[in-house]
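For reference, the structure is listed below as structure tokens.
The values are calculated or read from the model by the stated rules, or taken from the named source; none is laboratory data. Just so it is clear, the model here is predicted, and its values are computed rather than measured. Here Cβ is always computed from backbone atoms with ideal geometry, including for glycine, and neighbour counts include all displayed protein chains.
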Amino acid sequence: MNQIKLSINNSNYAFIKENAILQVIQSVIFKMNQKLSLASAIELNFEEDNENLSINLYLKLNIEKFSLADIMQELTNRINERVKALIGKFPKNLLVSVLEINHV
């Protein structure tokens, strides 16, 4: 299992496991469930030094009165902020691919 290494001081480290990062992202998506859902599994790509990661999301959007731009902005802001709160920095990359749009 992959993990992010956080430097606490010169000789101490903490490790954030992949599962914890997935739970944070899934929580954001769940809270926005009227607007979007996952089309496939979340992909996390960890850097070789385990100090950062890239996130790939594949989504289905449900658009009623919400604009696509507003939904994407809200999603990326929430994920970036929650990941930063967990690992101490924004993810290196957050790629969101919309595979399906449903007009509700």
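Is it true that LEU95 is among the aliphatic types (A, V, I, L, M), assigned to a strand (DSSP E or B) and surrounded by 14 or more Cβ atoms within 10 Å (Cβ to Cβ)?
For LEU95, the condition - among the aliphatic types (A, V, I, L, M), assigned to a strand (DSSP E or B) and surrounded by 14 or more Cβ atoms within 10 Å (Cβ to Cβ) - is not met.
Regarding GLN34, is this residue assigned to a loop (DSSP other than H, G, I, E, B) and within 17 Å of ILE101 (Cα to Cα)?
Numbers: assigned to a loop (DSSP other than H, G, I, E, B): yes; within 17 Å of ILE101 (Cα to Cα): yes.
Considered against the rule, which asks whether it is assigned to a loop (DSSP other than H, G, I, E, B) and within 17 Å of ILE101 (Cα to Cα), GLN34 comes out as yes.
Kindly provide the set of residues from the stretch 3-26 that are in contact with a Lys or Arg (Cβ under 8 Å, 6 or more places away or on another chain), surrounded by 13 or more Cβ atoms within 10 Å (Cβ to Cβ) and either part of a loop (DSSP other than H, G, I, E, B) or free of Cβ contacts under 8 Å to residues at least 60 places away in the same chain (or both), ordered by number.
Across the stretch 3-26, the qualifying residues are GLN3, ILE25.
How many residues are surrounded by fewer than 16 Cβ atoms within 10 Å (Cβ to Cβ) and without any contact (Cβ under 8 Å) to a residue 40 or more places away in the chain if we restrict to the stretch 46-71?
Qualifying residue count for the region: 6.
Does ASN77 satisfy the criteria of being over 23 Å from GLN3 (Cβ atoms), polar (S, T, N, Q) and at pLDDT 95 or above?
Yes, satisfied.
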